[in-house]
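The structure appears right after this line, and notes come after that.
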Amino acid sequence: MNGEPDLCIGGQWRHASDGGTREIVNPANGSIAAVVDEATADDARDAVAAARAAFDDGAWPGTPVAERAALLDRIADLLQRDKEDLASLETRDTGKTLVESRIDIDDVTSVFRYYAKLAGVEADRIVDVGDPTIISRVVREPIGVCVLIAPWNYPLLQMSWKVAPALAAGCTMVAKPSEVTPLTTIAFAHLLDEAGVPPSVFNLVQGSGAAVGAALTDTAAVDFISFTGGVPTGRTIAETAAKHVTKVALELGGKNPHIVFADAEPESAVDHVLTGVFLHSGQVCSAGTRLIIEESIADDFVAELVARAEKIRVGDGMDPASETGPLVSAQHRAKVEAHVQQGISEGAKLVTGGARPNDPALADGFFYLPTIFDQCDRSMRIVSEETFGPILTVERFTTEAEAITLGNDTEYGLAAGVRTSDSARGERVVRALRHGTVWLNDFGYYTAAAEWGGFGKSGNGRELGPTGLTEYQEIKHIWQNTSPQGAGWFKG
Ligand code: NDP
């Protein structure tokens, strides 16, 4: 960063092989937050080769589980030691508020603590084959060389969901953060060095998806690709990986319903609908962007939402007074603006927002006001397509069955919320929804110990929880005969 080498390949910190760099822009004011090395495809191939050698010939895959777990705990300690520095770096890079960035670092820490514990839990299984001379064991082994590709909205958090289980399992890896937001991942790589991750076990190459991402995925030298990002990129990676029959886990987008019944507790419902969609200016894969509300309370509820949305303080994430920050880039804001125009032209009723803030102090940043569209229906693209911005659409229902149909009417299936004071109905609806996470009378929470991932086009595979570790393991059956005798098959 800023002259220091930023690529970590084969245990060495290096500049890009062609000397290329990239300016990282602070989305709150358009200033240059840092200049970082931009890897080439050759650098990416070097990183894969280093990870391959470390897996095939190195000691890491065979390192005792207790040592791996201790390393994960040391990483967690260092994350907490550097929490303030990492949080402010994340805010400068992504624009999110410092409060959110601090929560991210705590969440990242908890993921390392969780996998430190889980790594030590004996997962092997003895199978009774009905013969006392046979010992039949099913054991788990590291899957091998992993490529870890993360998006820009939660750079360190998304990367840590991959790195922690990969290290716990005994894998080696190449990490590629988004070219837009690499700063915390670079700082994190230094921290892994300090914690004692052996050389070449963790390699870092930031650079463009088209060059570096493609070089990391189009190779037979990789055993597993874990990708978080958009559907088009996920599809490209899956197609590329299929050529090499490489295992892939995809965490993709979402268009997440938040269903509010008339008997929902009103104050918390308004609060959670707002937080669910406008946190981090809506740049959250699980954002509750579709409010699906019972007709009888809809008008009053939407009026209250609008009044509260207009009070949300949009500003620089470093300013403690700001409640939400900017969009990540000028390019992304242009995409959000186009989406809003699309909603207007489809006939959705814009009831608040739909513009940049007019505060001159925010003119150089990529800010956009919290925006609500009423009178929406599921034929509209503003309802079906992911915007990844601060946009809430409102649809209405009259029956429980209709609410479920609307909630499931999406090609995605990442997350959903349900609000009702009728517990039997709550249970019926959460079970009927086809989404990877469903919150009942809450929204947005997760824990390192529970699986995260999507149904439908929200991807395949799971992160976090025990399954998040299994993704990084191969399963081997060992059949041992303690009293070998001839098979007696071919008698001649
Ligand atoms: P992208 O799909 O554009 O990019 C994600 C990552 O893939 C980036 O590191 C990108 O690099 C890289 N990439 C791009 N092209 C290729 C390629 N051909 N081969 C390999 N890698 C490539 O997504 P965004 O960064 O725009 O993130 C937003 C998306 O991520 C949204 O759809 C969101 O819903 C989803 N997401 C899903 C989450 C989940 O848990 N399901 C969580 C967070 C986000 P570069 O940036 O350098 O181009």
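The values are calculated or read from the model by the stated rules, or taken from the named source; none is laboratory data. Source: prediction; values computed, not measured. For neighbour counting, all protein chains shown are included, and Cβ atoms are generated from backbone atoms with ideal geometry for every residue, glycine included.
Quick notes on this structure:
- Residue match in segment 94-107 (condition: closer than 21 Å to Phe227 by Cα, out of contact with any Asp or Glu (no Cβ under 7 Å at 6 or more places or on another chain), at pLDDT 95 or above and within 16 Å of the ligand (Cβ to nearest atom)): yes
- Count - residues of segment 450-488 that are part of a helix (DSSP H, G or I), more than 17 Å from Met159 (Cα to Cα) and within 14 Å of the ligand (Cβ to nearest atom): 3
- Segment 171-196, residues that are crowded, with 24+ Cβ neighbours inside 10 Å and outside any helix (DSSP H, G or I): Cys171, Thr172, Met173, Val174, Ala175, Lys176, Pro177, Ser178, Thr181, Pro182
- Thr217 fulfils the conditions (1) closer than 22 Å to Gly436 by Cα; (2) within 8 Å of the ligand (Cβ to nearest atom); (3) surrounded by 21 or more Cβ atoms within 10 Å (Cβ to Cβ); (4) hydroxyl-bearing (Ser, Thr, Tyr) except for a single criterion, (1).
- Conditions (1) outside any helix (DSSP H, G or I); (2) surrounded by fewer than 18 Cβ atoms within 10 Å (Cβ to Cβ); number of the one not met by Lys96: (2)
- Val222 crowded, with 22+ Cβ neighbours inside 10 Å, hydrophobic (A, V, I, L, M, F, W, C), more than 12 Å from the ligand (Cβ to nearest atom) and in contact (Cβ under 8 Å) with a residue 40 or more places away in the chain: no
- Scanning segment 300-336 for residues that are hydrophobic (A, V, I, L, M, F, W, C) and in a helix (DSSP H, G or I) returns Phe301, Val302, Ala303, Leu305, Val306, Ala307, Ala309, Ala330, Ala334, Val336.
- Top-ranked residue of segment 198-214 - restricted to ones that are crowded, with 24+ Cβ neighbours inside 10 Å and not in a strand (DSSP E or B), ranked as farthest from the chain's Cα centre (by Cα): Ser200
- Taken over segment 215-243, the criterion of being under 17 Å from the mean Cα position of the chain (by Cα) and either modelled with pLDDT under 95 or of a type in the set (Ser, Thr, Tyr) (or both) is satisfied by Ser226, Thr228, Thr233.
- Among the residues of segment 283-297, the one identified as farther than 14 Å from His272 by Cβ, out of contact with any Asp or Glu (no Cβ under 8 Å at 6 or more places or on another chain) and surrounded by 24 or more Cβ atoms within 10 Å (Cβ to Cβ) is Gln283.
- Test: Phe278 is among the aromatic types (Phe, Trp, Tyr) and closer than 30 Å to Ser88 by Cβ: yes
- Here Ile312 does not fit the description of being among the β-branched types (Val, Ile, Thr), more than 16 Å from the ligand (Cβ to nearest atom) and buried (at least 22 other Cβ atoms within 10 Å of the Cβ).
- Here Ala238 clears all of (1) away from the ligand (no atom under 15 Å from the Cβ); (2) closer than 29 Å to Glu385 by Cβ; (3) free of Cβ contacts under 8 Å to residues at least 40 places away in the same chain except the condition numbered (1).
- Residue in segment 141-153 that is over 19 Å from Asp37 (Cβ atoms), within 13 Å of the ligand (Cβ to nearest atom), part of a loop (DSSP other than H, G, I, E, B) and not aromatic (Phe, Trp, Tyr) present: yes
- Segment 221-278: number of residues that are over 18 Å from Ala210 (Cα atoms) and among the basic types (Lys, Arg): 2
- When segment 188-214 is filtered for residues that are more than 15 Å from the ligand (Cβ to nearest atom) and either free of Cβ contacts under 8 Å to residues at least 24 places away in the same chain or in contact with a Ser or Thr (Cβ under 6 Å, 6 or more places away or on another chain) (or both), the ones remaining, listed by number, are His190, Val201.
- Which listed residue, of Val273, Val328, Val277, is over 30 Å from Thr405 (Cα atoms), touching a residue at least 24 places away in the same chain (Cβ under 8 Å) and surrounded by 23 or more Cβ atoms within 10 Å (Cβ to Cβ): Val328
- Annotation: of all residues in segment 32-41 being in contact (Cβ under 8 Å) with a residue 12 or more places away in the chain and not charged (D, E, K, R), the one that is nearest to Ser322 (Cα to Cα) is Ala33.
- Residues being more than 16 Å from His280 (Cα to Cα), touching a residue at least 12 places away in the same chain (Cβ under 8 Å), aliphatic (A, V, I, L, M) and outside any strand (DSSP E or B) - total across segment 363-399: 3
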